[in-house]
1. For the stretch 265-329, what does the relative contact order come out to in percent, with C-alpha contacts under 8 Å and a separation of six or more?
2. Modelled label-to-label distance, Met142 and Phe298, 7 Å Cα→beta-carbon offset: nm?
3. State which entries of Lys213/Lys235; Lys213/Lys262; Lys152/Lys235 exceed 28 angstrom in Cα-Cα distance in the structure shown.
4. From the phi of every residue in the stretch 111-120, what ³J(HN,Hα) in whole Hz does the Karplus formula 6.51 cos²θ - 1.76 cosθ + 1.60 yield, where θ is phi - 60° and glycine or proline is x?
5. What is the distance, in nm, between label points placed 7 Å from the Cα along the Cα-to-Cβ direction at Ala311 and at Arg254?
6. Shape call for the stretch 197-329 from the C-alpha gyration tensor, a ≥ b ≥ c root eigenvalues: rounded (a/c under 1.5), prolate (a/b greater than b/c) or oblate?
7. Check cross-link reach from Lys260 to the aspartates and glutamates: straight Cα distance under 18 Å, and skip same-chain residues fewer than eight apart.
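Throughout, read-outs are computed from the coordinates displayed, never taken from laboratory work. Bear in mind the structure is a predicted one, so any value in this text is a computation, not a measurement. So basically every Cβ, Gly included, is an ideal-geometry build from the backbone, and we count neighbours across all protein chains shown.
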Amino acid sequence: MLGTLGFMLIAFVVLGGLGWAFVGAGGGGSGSSGANTKRLAAVTGGAKLEKTKAKNAAVDQAGRRKQILQNLKANEQLARKAKLTIDARIRQAGLNFGLQTFWIGSGVLGVMAMVGGFVLHFPPLACLFMGFIFGLGLPRWMLGFLIKRRIKKFTEEFPNATDIIVRGIKSGLPVMDCLRLIGRESPEPLAAEFRRLVESLGVGFSIDQALEKMYERMPTSEVRFFAIVLSIQQKTGGNLAEALSNLSAVLRARKLMREKIKAMSGEAVASAFIIGSLPPGIMTLVYVTTPGYMRPLFEDSRGHLMLLFSAVWMGTGIFMMRRMINFKI
């Protein structure tokens, strides 16, 4: 009897434990299932939110990239237009006279060269060639020389100008005050260009229009990057000081790369200069030592034809060597 009661007690305990386990587990499972469902929904919602944020960021980045490409294309068109017009090149050289004065001076110089050739009893063809060179070639070459020299001075000082703007913004100065400070304290031609920029902004031009005019006067990659940074910052916002600081680092790296390429290509430049100067140098020495040997080239029509072909081939060779050693960054 006692064994039967003990067996029943043990069976009751086992069955109660099993029932509690299954029923309690089922009830707790329902609560934990609900919590798990909520947790899963929260995680899924967070993932969807992250995907939405990533998608919006990608859209914003694509929009910025599209904006940059549009600005680059517009600036390239302006650069091509500026290279084709003499009036724009005169402004790029920093000269104050107009297009009419340039053509009058070129014509006078060409006529003077032709008259000088006739006075020295040069052949008529040589006099016409001298008039063409001094009337059209020399003024354009001088204009290009002045433009390159001015752009070089501007490019060397432009990273310092961006650093001034960065330090001014970090210290609390407005951008206009930073631009005025550059116009007062920086060397020429950087100061003159920033003074014109400030004047353009003062008379009502937008920042895009003022920078576009600045790029027409100084068609460099540095000004183009500067215009793109300011334009995008104005339209989309952001940390202007950080953007200009990164731009300054890029400009200094470009300058370092240019100097490195110049040092590495020095041997090729010297070789091209020696090869290009040998034929006219030897011809001059032969003419000085034995004039009779070279006189038929200047007195005979066949000699004139030979000189013409020689000049064409020499010019072609020098142009090709120039293209081979001219590295652009």
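1. 40
2. 2.6
3. Among Lys213/Lys235; Lys213/Lys262; Lys152/Lys235, the Cα-Cα distance tops 28 Å for Lys213/Lys262; Lys152/Lys235.
4. Listing the rounded values in order: 5, 4, 5, 5, 5, x, x, 5, 5, 7 Hz.
5. My value for the distance between the label points is 3.9 nm.
6. Prolate, since a/c reaches 1.5 and a/b exceeds b/c.
7. Filter leaves Glu156.
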